[in-house]
Amino acid sequence: MLEHYWTALTTVLQPVNLVAILLGSLWGIVAGALPGISASMAVVLGIPFTFGMQPVTAFSMLVSVYCGAITGGSITAILFGIPGEPSAVCTVVEGHSMAKQGHAAKAMWIAIIASAVGGVFSVFVMMFATPLVATFALAFGPAEYFALMVLGLSVVSSLSGRSLTKGFLSCLFGLFLATVGTDGITGAERFTFGTSVLLGGIGFVIAMVGLLAASEVFAEAEQPFKEKTASAEYRGLRAEIPRWVEWRRHLGILGWSSTLGTVVGALPGAGATIASFLAYGEASRWSKRPEKFGKGAEDGLIAAEAANNASTGGSLTVLLALGIPGSNTTAMLLGAFMIHGLQAGPLLLVQRPDVVYGIFIAALLTNLIMILTTIWGVRLFLQLNRLPYSVFASVIMLLCVIGAFGINNSVDDLYVMFIFGVIGYLMAKFEYPTAPAVLGLVLGDLAELSFRRGLVLSQGDPMVFVSRPISALLLLLSLVALFYPLLRKRMGIPAES
Amino acid sequence: MGRGEIVFRALCVLFFAALLPYAWQLGEIRRFGEVGSGFWPLWVLAFATVLSLFLFLQGLGSARRDPRQKTAAQPTSAEARRCLAAMVIVLAYLLILPWFGFVITTPLFILVFMFGLGERRVGLLGSAPLLITIGLFFFFIKFIQIPLPRGSGVFLTFSRMLY
């Protein structure tokens, strides 16, 4: 195992990979800081940049976009009181309160250090846990894979927002889209209606770009023209560099929130938002000065930032070891793996250890590099926020076009992307969540193939899915994950979206 | 609930229900001992039809109980117009892109799109389209080497001079 780490370290330290990590984290920070660009959208828009790259470089970049976007959300949250990411809501409450009291720089430092500690902690957990979980998963047959896909699909209940019915319908739409094209077992054409465009199926990225990014531009186009300018007064980070004596008091909350964030991140459907809310809640419960919460409590800010960053390592562990996307963003990463001809899951560790260990090292480096890039991001963001939306929207739309075209170098894909953009806009307008559709599209193909192969091997006996212990356990966990939102509602924990 | 939302829910029912017979026919394509190509899509579409029908009936019911109640934000006519204009501009760009090529159409698209979004500053409208196109050209075409559409005829000749 040590030789894998050594090889990965020497690979990731090559200039091209370091540049990819640097650019990825910068883009992630900027995208995360900008309201309207989610972490998943940042990853989707980053995918076209990776087309010509080696897998290690590509995933070093995408993982750094993911980590950067979660950290970037804190910049606008603290400086302007606008959460760039849903996971930065608690950061707004405490960080922006600190900024209003004249301690913006101190709040930024707390967010930067807590994010780095949470992120690095979760990467070490990921390094330790991924091979163990993957070794266990190597014993999986089609029945277990089907159960695993069902577990992945059960995330839908957490991604559904206000209406579970709409969430399930959206997921079924995605599952249907996954059936379009040539059947992997019989070779029959399904729902192609005689067109060659759909023979290869509907591309993940094309649909994702349309549903998530293009639809957002259409939705924003509804708003009347408004000049968007920054209004924050910011004196610079040097003003309030925190001292070690101050940090010593917060070590307990930092460790506990990082652990909680990593565990919650690994749970399908729970994500950075749930992790930050849970850690914030725990911090206020155990605080000696609970009355400070909501008025600029440093403990609250540390808990939220450490937990939301730590969740990235948790979700990446599940993605790399089992191939399950625990969140919206990791679903996009799963699609990116497929674009690069890789299948996330237990076999990836055996077939491409360079990629998996490269991701470990890249994630570790990203969390360290981000201490510097976030400082730069704060300065840049004050400038970027002065850009008119008309320029910004044009660039986003052109990135959608290039992203959709670049996959197959086909103009037809542009029309497919446009159609999905309109569908995504209508879904958002009528409050149908788009994330479950993407989830269904990404997992649908493997779910169907595993199901049918499982039935072939058992000579048509459907009991194969519940008679094998691992498969039965995974299906049981799926049921728990499906009913988790109802439990969460009873416990009074806010929903992810 | 608004009329638009009920129409959308009805369209969902029609979409999934219309595909059911096609999925049923696919069920006949199978190998020995295998459930066939239509089994999975049939179940998916059947569930989707039932759920979309449920949502449609629920919407009809709530609209009948309280016609003014809105469950989803309805855009005003001005908002809808602006959004539709943005969609038309993007679609027009995608339609002319294969004929005129990326280099010619992109600055025009940016100009019209920015104008459509309400931008009126002449300096910005004059500079941003060119700067963005140049940036994208060098990054995606020259650096990443994505062969973005070159156009046809004289436009193809022009694009070939550049990439």
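The values are calculated or read from the model by the stated rules, or taken from the named source; none is laboratory data. Not measured: the values here are computed from a predicted model. As a convention, Cβ positions derive from the backbone with ideal geometry for all residues, glycine included, and neighbour counts pool all protein chains shown. Just so you know, the surface numbers come from the protein's heavy atoms only, side chains and all, with ligands and any DNA or RNA stripped out. Shrake-Rupley method; radii C 1.70, N 1.55, O 1.52, S 1.80 Å.
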Can you pull out every residue in region B:124-149 that is of a type in the set (Phe, Trp, Tyr), more than 9 Å from every other protein chain (Cβ to nearest Cβ) and open to solvent by 90 Å² or more (accessible area, probe 1.4 Å)? B:138
Verdict on residue A:234 being farther than 30 Å from residue A:475 by Cα and modelled with pLDDT of 75 or more: no
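Evaluate region A:59-67: report whether one residue or more is out of contact with any His (no Cβ under 7 Å at 6 or more places or on another chain) and not in a helix (DSSP H, G or I).
Step one: of region A:59-67, the residues out of contact with any His (no Cβ under 7 Å at 6 or more places or on another chain) are A:59-67.
So of that shortlist, the ones also not in a helix (DSSP H, G or I) come out as none.
Looking for residues that are out of contact with any His (no Cβ under 7 Å at 6 or more places or on another chain) and not in a helix (DSSP H, G or I), one finds none in region A:59-67, hence no.
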Can you confirm whether region A:473-482 contains a residue that is out of contact with any strand residue (DSSP E or B) (no Cβ under 7 Å at 6 or more places or on another chain), buried (at least 21 other Cβ atoms within 10 Å of the Cβ), at pLDDT below 85 and within 19 Å of residue A:278 (Cβ to Cβ)? yes
Could you tell me which numbered condition residue A:74 fails, if it satisfies all but one of (1) crowded, with 24+ Cβ neighbours inside 10 Å; (2) without any contact (Cβ under 8 Å) to a residue 24 or more places away in the chain? (2)
Just a yes or no: is a residue in region B:81-94 at pLDDT below 90 and either more than 8 Å from chain A (Cβ to nearest Cβ) or open to solvent by less than 10 Å² (accessible area, probe 1.4 Å) (or both)? yes
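Looking only at region A:383-393, filter to residues that are open to solvent by 40 Å² or more (accessible area, probe 1.4 Å) and more than 9 Å from chain B (Cβ to nearest Cβ); which one of those is nearest to residue A:199 (Cα to Cα)?
A:392
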Taking the condition part of a helix (DSSP H, G or I) and either at pLDDT below 85 or surrounded by 24 or more Cβ atoms within 10 Å (Cβ to Cβ) (or both), does residue A:275 pass? yes
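Given the structure, is residue A:42 assigned to a helix (DSSP H, G or I), in contact with a Gly (Cβ under 6 Å, 6 or more places away or on another chain) and closer than 16 Å to residue A:216 by Cα?
Criteria met by residue A:42.
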Which residues, taken from region A:347-369, are at pLDDT below 85 and crowded, with 24+ Cβ neighbours inside 10 Å? none
Go through region A:313-332 and give me each residue that's farther than 14 Å from residue A:38 by Cα and open to solvent by less than 10 Å² (accessible area, probe 1.4 Å). A:313, A:314, A:315, A:316, A:319, A:320, A:321, A:323, A:324, A:325, A:326
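A quick yes/no check of all residues on (1) over 19 Å from residue A:331 (Cα atoms); (2) within 11 Å of chain B (Cβ to nearest Cβ); (3) open to solvent by less than 30 Å² (accessible area, probe 1.4 Å); (4) touching an Asp or Glu at 6+ places or on another chain (Cβ under 8 Å):
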residue: A:168; (1), (2), (3), (4): no, yes, no, no
residue: A:171; (1), (2), (3), (4): no, yes, yes, no
residue: A:174; (1), (2), (3), (4): no, yes, yes, no
residue: A:182; (1), (2), (3), (4): yes, yes, no, yes
residue: A:195; (1), (2), (3), (4): yes, no, no, no
residue: A:213; (1), (2), (3), (4): no, no, yes, no
residue: A:216; (1), (2), (3), (4): no, no, no, no
List every residue pair whose Cβ atoms sit under 6 Å apart, with the two residues 6 or more apart in sequence or on different chains, where the first one lies in region B:126-139 and is assigned by TED's automatic domain parsing to the domain that holds residue B:109 and the second, anywhere, is among the hydroxyl-bearing types (Ser, Thr, Tyr). B:133/B:106
Assuming residue B:109 fulfils every condition listed in (1) within 9 Å of another protein chain (Cβ to nearest Cβ); (2) closer than 30 Å to residue B:3 by Cα apart from one, which condition is it? (2)
If a residue must be of a type in the set (D, E, K, R), touching an Asp or Glu at 6+ places or on another chain (Cβ under 8 Å) and crowded, with 22+ Cβ neighbours inside 10 Å, how many such residues does region A:431-472 contain? 1
For residue A:342, work out the one condition from (1) open to solvent by 30 Å² or more (accessible area, probe 1.4 Å); (2) in contact with a Lys or Arg (Cβ under 8 Å, 6 or more places away or on another chain); (3) within 23 Å of residue A:16 (Cα to Cα) it doesn't fulfil. (1)
Across region B:21-42, which residue is farthest from the chain's Cα centre (by Cα) among those that are surrounded by fewer than 16 Cβ atoms within 10 Å (Cβ to Cβ) and within 24 Å of residue A:150 (Cα to Cα)? B:33
